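Since the structure comes first, as structure tokens, the remarks are kept for the end.
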Amino acid sequence: MTLARFDALNARAAQLIQQGHTVINLGQALPHFGPPESAIRAARDGLARRDVHVYTADAGRVSLREALCTRLSESHGIDATPDEVIITAGGNQAFALAAMTLLDPGDEVLLPTPYFANHEMMLRGIGAVPKPVSLNEQNRFAVRWTQLTPYLTSRTRAVVLCNPSNPTGAIIAETDLCEIIHEVAARGIVAIVDETYMHFVYDGQRHASAAAVPNWRDAVVLVNTFSKSFGMTGWRIGYMIAPRDVCTEAIKIQDAMVICAPTIAQVAVEAAIRHDWTYPLSFRDEFAGRRSILIQELSSIPHLHWAPTDGAFFAFVRVDGCTGSDQLADDLLDQAHVVTIPGRTFGEAGEGCLRISYGAVDRHDLREGISRLRQFFDCWRPRPL
Ligand SMILES: Cc1ncc(COP(=O)(O)O)c(C=O)c1O
């Protein structure tokens, strides 16, 4: 259902553009920038080498995993060795690999909601049972251990965390993260933690990685990707970090699924890691600037409420009186020519909200999008139930 919604909105937006309309796209979970020059150069030069045209080890190039471990240790205090890393074909495949390795059909998985829809779909796809845990908008969608405990049963096998969150932008405080990991470890449960947006946190906040918690090997499997942080969505490189015994099992699934991530893309990403590790940080101020515009402007638009969150590049905005976010997003696109993503896409707890992405739009277009939202909501009335 989720993919159909994204596709339908994008197809309608393309139609409107073809008819000569200017569409402001606040839907895409994409950054506005492309890869660093070092990655492009390495890929170009790599084409002349024979080893780039063949498989790598299932877990990925050793030199890439070594470089990644060194950088993650320096910047985020992550203590992982190259044999605890599997390079994947993007973040979604890293999550799929983790889920397939750790879960059996019927296993219950706590899924704080609003969730990243692909997590939910993948869990269902392998026969696991996602148990939505509704997060509180008043707490700015923060995840705490006390919210998870009522949903624990004897069949709970995992908790999925997305930090910073797509779709809410919420980050998990270090103390909460440590408590969650400590508690799940004590119960033999695993935390699958997606840190796709780890470089993008604002207002002086610091990203706390689950794999930097001292006892992480007791409970954590980390998934991540270069897609957003290095502007490389099309290159399909991500990774999973897990204790050695989990990696040993996961490698068999990796081999059956994709054998290895694309070699040329591994070469490009390795160059980016070695030469441009801080590249994502060069865009943080720009994202922070766009976030400030949203903070200033959204609060004065009738019906809209956003308690600003500190990470990723999303605003998860409540619309007073909205009971059908699918219809609302359609109306916004048709009447105001602005793409937003209906909150319902991210689980029932997201109904009545819209996700606005400020990743791909420049400030001019963002202001134009906001001005169109203002005009639309000045006249908008909730539909009667
Ligand atoms: C939280 C999260 N995880 C994973 C992904 C997918 O990443 P990739 O394109 O590397 O598969 C996305 C993409 O939107 C995401 O937002």
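Report the paramagnetic label zone for residue 244: residues of region 197-238 whose backbone N is under 14 Å from a point 7 Å from Cα along the Cα-to-Cβ axis.
217
If you roll a 1.4 Å probe over the chain with all protein chains in place, what percent of the accessible area is carbon or sulfur? Can you show the working numbers first?
Working: 7730 of 15450 Å².
Here carbon and sulfur together make up 50 percent of the probe-accessible area.
Provide the packing ranking of 151-160, 205-214, i.e. peptides ordered by the mean count of other C-beta atoms within 10 Å per residue, highest first. Numbers along the way, then the final one.
Numbers: 151-160: 16.9, 205-214: 18.8.
Ranking, from highest mean packing down: 205-214, 151-160.
Multiply the residue gap between residue 45 and residue 252 by 0.36 nm, knock off their C-alpha separation, and tell me the result in nm, one decimal place.
Working: separation 207, 0.36 × 207 = 74.52 nm, distance 3.14 nm.
The span from residue 45 to residue 252 would gain 71.4 nm if fully extended.
Using a simple charge model, +1 on the beta-carbon of Lys and Arg, -1 on the beta-carbon of Asp and Glu, nothing else, what dipole does region 1-150 show about its Cα centre, in debye to the nearest 20? Please report the intermediate quantities before stating the final value.
Working: 13 positive and 15 negative charges, 107 e Å.
Once rounded to the nearest 20, the dipole reads 520 debye.
Mind jotting down the distance between the C-alpha centroids of region 138-188 and region 1-50, whole Å?
Each part's Cα centre sits 32 Å from the other's.
Which residues' amide hydrogens lie under 5 Å from the amide hydrogen of residue 162, considering only partners 5 or more residues apart or on another chain, with H built in the peptide plane?
Under 5 Å from the amide H of residue 162 lie the amide H atoms of 194, each far enough along the sequence or on another chain.
Hey, if you put +1 on the Cβ of every Lys and Arg and -1 on every Asp and Glu Cβ in region 47-112, which of 76, 62, 97 ends up farthest toward the positive end of that dipole?
Of the options given, the answer is 62.
Show me 134-142, 240-248 ranked by packing, highest mean number of other Cβ atoms within 10 Å first.
Values: 134-142: 16.3, 240-248: 19.4.
With the highest mean Cβ count within 10 Å placed first, the list reads 240-248, 134-142.
Order 75-81, 227-233 from most to least packed using the mean count of other Cβ atoms within 10 Å. All intermediate terms of the calculation are to be shown ahead of the outcome.
Working: 75-81: 16.9, 227-233: 21.9.
Descending packing order for the listed peptides: 227-233, 75-81.
Could you check how many percent of all C-alpha pairs in the chain are farther apart than 39 Å? Before the final figure, lay out each step's value.
Working: 11574 of 73920 pairs.
The answer is 16 percent, as a whole percent.
Provide, as a two-decimal number, the C-alpha radius of gyration of region 301-364 over 2.2 N^0.38 Å, N being how many residues it has. Please report the intermediate quantities before stating the final value.
Numbers: Rg = 11.5 Å, N = 64, 2.2 N^0.38 = 10.7 Å.
Against the empirical 2.2 N^0.38 Å value, I get 1.08 for region 301-364.
When the helix-only estimate is applied to the chain (DSSP H runs of n ≥ 4, each -39,500 (n - 2.57), divided by the residue count), what is the mean residue ellipticity at 222 nm, nearest 500 deg cm²/dmol? Please report the intermediate quantities before stating the final value.
Numbers: 12 runs with 147 residues, N = 385.
Roughly -12000 deg cm²/dmol at 222 nm, from the helical runs in the chain.
Just report the Cα centroid separation between region 309-385 and region 234-298, whole Å.
28 Å
Across the Cα atoms of region 119-236, what radius of gyration and what greatest pairwise Cα-Cα distance (Dmax) are found, in Å?
When restricted to the Cα atoms of region 119-236, Rg and Dmax are 14.3, 41 Å.
For the pair residue 173 and residue 15, how long in nm is the line joining their label points, each one 7 Å along Cα→Cβ?
Here the answer is 4.7 nm between the modelled labels.
Write down the accessible area per residue of region 64-210 in Å², having rolled a 1.4 Å probe over the full set of protein chains. Working shown, then result.
Details: 5190 Å² over 147 residues.
So region 64-210 comes to 35 Å² accessible per residue, rounded to a whole number.
So, with +1 on the Cβ of K and R and -1 on the Cβ of D and E, and no other charges, what is the size of the charge dipole of the chain about its Cα centre, to the nearest 20 debye?
Values: 35 positive and 43 negative charges, 98 e Å.
That gives the chain a dipole magnitude of about 460 debye.
The values are calculated or read from the model by the stated rules, or taken from the named source; none is laboratory data. All of these numbers come straight from a predicted model, not from anything done at the bench. No Cβ is skipped: glycine too gets one built from the backbone with ideal geometry, and neighbour counts run over all protein chains shown. Only protein heavy atoms, including side chains, enter the accessible area calculation; ligands, DNA and RNA are left aside. Shrake-Rupley method; radii C 1.70, N 1.55, O 1.52, S 1.80 Å.
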